[in-house]
Amino acid sequence: MTAPDARFWEQLEILNEALPDGTRAAAGPNGAAELSSEVQPRFAYLDGHILVSARDAERAVAAVERLQPGAGAVTVAWPPAADRERVSVRRLSVGSRDVCQTVELLTGENIKASLVHFLTVAGVNLCPGDEPVPSSGPLIPPVSGRDRGSNTTVAVLDTGLVHDYLDHQWLAANSGIPNIPMVQGDVTAPGDELDADGLIKPYVGHGTFIAGVLRCVAPAATVRVHNAFPYGGAAMEDELGLILLQAMEEHGWPDIISLSAGTRSNDAGVLLGLADFMDELAAHPETLLVAAAGNDGETLPFWPAAYAAEPVNASGDVVVSVGALREDGQGRACFSNHGDWVKVYAPGERLVNAFTSGPYQYGYPHRTTCRFSDPPLYPACTCVASLQDGDKATFTGLATWSGTSFATPIVAGLVAARMSQEQVSSRVAAAQLMSGLLAVPDLSGFLG
């Protein structure tokens, strides 16, 4: 068994520091609690809580108190009463009970239940495929023809925009209305981007980088970036489902949703907390979800990208799952998840794009080997990094970064460009592009 990666525990610590008082993230599966555990952690979940369907909530409360007595009352902790008509799930607070055992016991009672998984912009690793490195350019991918993606709308569900994102010319381009930038959305306050030592926090700039990659591929697309991952680049699955629904209600369903976040699940099954959003997505045939396949270097399903293998909507493909190609384009990046559920691969190593400015401190030891494969799949994998744990660097607006997170907006941008070129819907454009996949080694595919 592979030894647990210290990066997971770094990420879990950051997540717990960002969570509200009284809540705690734990390591799954089966309650792996510390670095010394022999259990390989595969996801983070909310300790002391479970999810059940609304129609089963009362029966679940009674069953938990009967099957696991003596651990306090079970209560409905979420959603707020005002939002209960919008969602079909309830989060139960089960106190000190073993939540993994609780889910198993309820399943035996024919009650649909699950852990409350955290979806993150990183997966098991603290950062997407590596940590960002200062860059002076040129942009990768380079900016395409200025009319590519015209009359298309893209929603980026991520960490929001950095406060100085308009310093980047290709993000600030006007949409035809004076002084209104095409890239809009939730902007982070400058003070919220830095830690107590004045250093750029992990994940700051993630959403901005993605918006930059997308705009390079489809410069004329109208892009809105939403801050959907408020807890150090993470969100609870049920809260995220409601955030997505609210964003669509407020701003309308776009042509394309670009989502560079996700999680593996306790039983490899779909996420109960995203069920309402996925149902609504299937009911909006004008919208396509393009989702990152994750950076664990494995074949286990990563949600919601793995919905690409599910029959969400018989009328057409609702989800496109995106893995990452290595820098030379000759195969899969070492960190990229893969398998039949990953439908397309795009460049995901050492892209250069929009970031913020300021000092950053690196969190990992120097590596000379690949952490995903021994021997390594190829010599120049992103695991081999010269920066030491504790080293500092200063960013001046651009970064070099790797991950399926950044392959995803390339595909979203290609779909937007195809839409404007062929005057077709996003799902039709995606199907046309997918039919033109070029074969590359490692059974990956690249959208040309």
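The values are calculated or read from the model by the stated rules, or taken from the named source; none is laboratory data. Since the structure is predicted, the reported quantities are computational estimates derived from the model, not experimental observations. Neighbour counts are summed over all protein chains in view; Cβ atoms, including those assigned to glycine, are modelled from backbone coordinates with ideal geometry.
In segment 144-154, is there at least one residue being under 17 Å from the mean Cα position of the chain (by Cα), within 30 Å of R91 (Cβ to Cβ), in the same structural domain as A211 (by TED's automatic domain parsing) and at pLDDT 90 or above? Don't jump to the end; show me each part of the working.
First pass over segment 144-154, keeping only residues under 17 Å from the mean Cα position of the chain (by Cα): 154.
In the following step, the residues that additionally are within 30 Å of R91 (Cβ to Cβ) were identified as none.
Checking segment 144-154: not a single residue is under 17 Å from the mean Cα position of the chain (by Cα), within 30 Å of R91 (Cβ to Cβ), in the same structural domain as A211 (by TED's automatic domain parsing) and at pLDDT 90 or above.
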Pick out the one residue from V64, V121 that is crowded, with 24+ Cβ neighbours inside 10 Å, touching a helix residue (DSSP H, G or I) at 6+ places or on another chain (Cβ under 9 Å), farther than 26 Å from A291 by Cα and not charged (D, E, K, R).
V64
Kindly evaluate P138 against the criterion of being farther than 20 Å from T287 by Cβ and crowded, with 18+ Cβ neighbours inside 10 Å.
no
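Could you tell me whether segment 98-111 includes any residue that is among the small types (G, A, S) and either in contact (Cβ under 8 Å) with a residue 24 or more places away in the chain or in a strand (DSSP E or B) (or both)? Reasoning before the result, please.
Just the residues of segment 98-111 that are among the small types (G, A, S), to begin with: 108.
The next check asks that each one be either in contact (Cβ under 8 Å) with a residue 24 or more places away in the chain or in a strand (DSSP E or B) (or both); those that pass are none.
No, segment 98-111 has no match at all.
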Identify the single condition in (1) modelled with pLDDT of 95 or more; (2) among the β-branched types (V, I, T); (3) not in a loop (DSSP other than H, G, I, E, B) that I14 does not satisfy, given that it satisfies every other one.
(1)
Only one of (1) closer than 17 Å to C216 by Cβ; (2) polar (S, T, N, Q); (3) free of Cβ contacts under 8 Å to residues at least 60 places away in the same chain fails for Q388. Which number is that?
(1)
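Going by the structure shown, is D56 of a type in the set (D, E), at pLDDT 90 or above and not in a strand (DSSP E or B)?
Values: of a type in the set (D, E): yes; at pLDDT 90 or above: yes; not in a strand (DSSP E or B): yes.
Against the criterion (of a type in the set (D, E), at pLDDT 90 or above and not in a strand (DSSP E or B)), D56 qualifies.
Which residues, counting only those in segment 49-61, are of a type outside the set (S, T, N, Q) and surrounded by fewer than 21 Cβ atoms within 10 Å (Cβ to Cβ)? Give the derivation first.
Applying the first criterion (of a type outside the set (S, T, N, Q)) to segment 49-61 yields 49-52, 54-61.
Listed by number, the residues that qualify are A54, R55, D56, A57, E58, R59, V61.
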Hits in segment 340-376 (condition: surrounded by fewer than 17 Cβ atoms within 10 Å (Cβ to Cβ), farther than 25 Å from G205 by Cβ and either among the charged types (D, E, K, R) or modelled with pLDDT of 90 or more (or both)):
D340, D374
